[in-house]
Amino acid sequence: MGRYDEAERMLLPHMDTLMERAVRQQPLSKLEEDDPDDLFRVAIGYALDLAQGLREPKWIDWVFRMHLATGRLMDAQTIERLHTLVRSLEYNRRRHVRLYLQGIQNRTPEFGPSEQFLANRLDGLAQVILARR
C-alpha cells in the first residue's frame, strides 16, 4: 500500500530478532512448525522491499549481513533485485559486501555449476558496488 515507514516500524523488531538469531547461529524461529527457509526468504523479500520503498541502503546492508550470518548463497532473484537496487540507490557501502564475498569465495571450490553461476553474478554485483565512490 506504499506505507513503507509504517511497514518498517512494524517489521523492525522482527527483523532485528532474526538478525540476532542468525548472528548467534541459532534457529531463526523458536517454533518447530516454522520453516526456516520460508522465514529466511520472506525476511529477505521484506528487506528488499523496504530498501526500494524507503530508498534506504541500510536494508541492502541487512540482506548482505543476513546471508553472511546464515552462510547462504544468494539466490538468483535476490541477486537480480540487488542489481536493480544498487543502481537506483547508488549504493556504495563496501563493508558488508566484502565480508559476504570473502565468505562465498572461501566456499567456491565446493559449488556446482549453478552455484558457480550465482557466485559470478555476485562478483558482477560487487564490481558495480565497489566501483562507486
Quick check, is VAL128 in contact with a Phe, Trp or Tyr (Cβ under 7 Å, 6 or more places away or on another chain) and of a type in the set (Val, Ile, Thr)? no
Condition check for ASP49: at pLDDT 95 or above and either buried (at least 16 other Cβ atoms within 10 Å of the Cβ) or out of contact with any strand residue (DSSP E or B) (no Cβ under 7 Å at 6 or more places or on another chain) (or both): yes
LEU122 fails exactly one of the following numbered conditions: (1) assigned to a helix (DSSP H, G or I); (2) over 20 Å from TRP62 (Cβ atoms). What is the number of that condition? (2)
So ASP37 passes all but one of these: (1) farther than 18 Å from LEU85 by Cβ; (2) at pLDDT below 95; (3) part of a loop (DSSP other than H, G, I, E, B). Which condition number does it fail? (3)
Residue in region 81-91 that is in a loop (DSSP other than H, G, I, E, B), hydroxyl-bearing (Ser, Thr, Tyr), surrounded by 12 or more Cβ atoms within 10 Å (Cβ to Cβ) and touching a residue at least 12 places away in the same chain (Cβ under 8 Å) present: yes
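The values are calculated or read from the model by the stated rules, or taken from the named source; none is laboratory data. For clarity, every value in this text was computed on a predicted model and none was experimentally measured. All Cβ positions, even for glycine, are placed from backbone atoms using ideal geometry, and neighbour counts span all protein chains on display.
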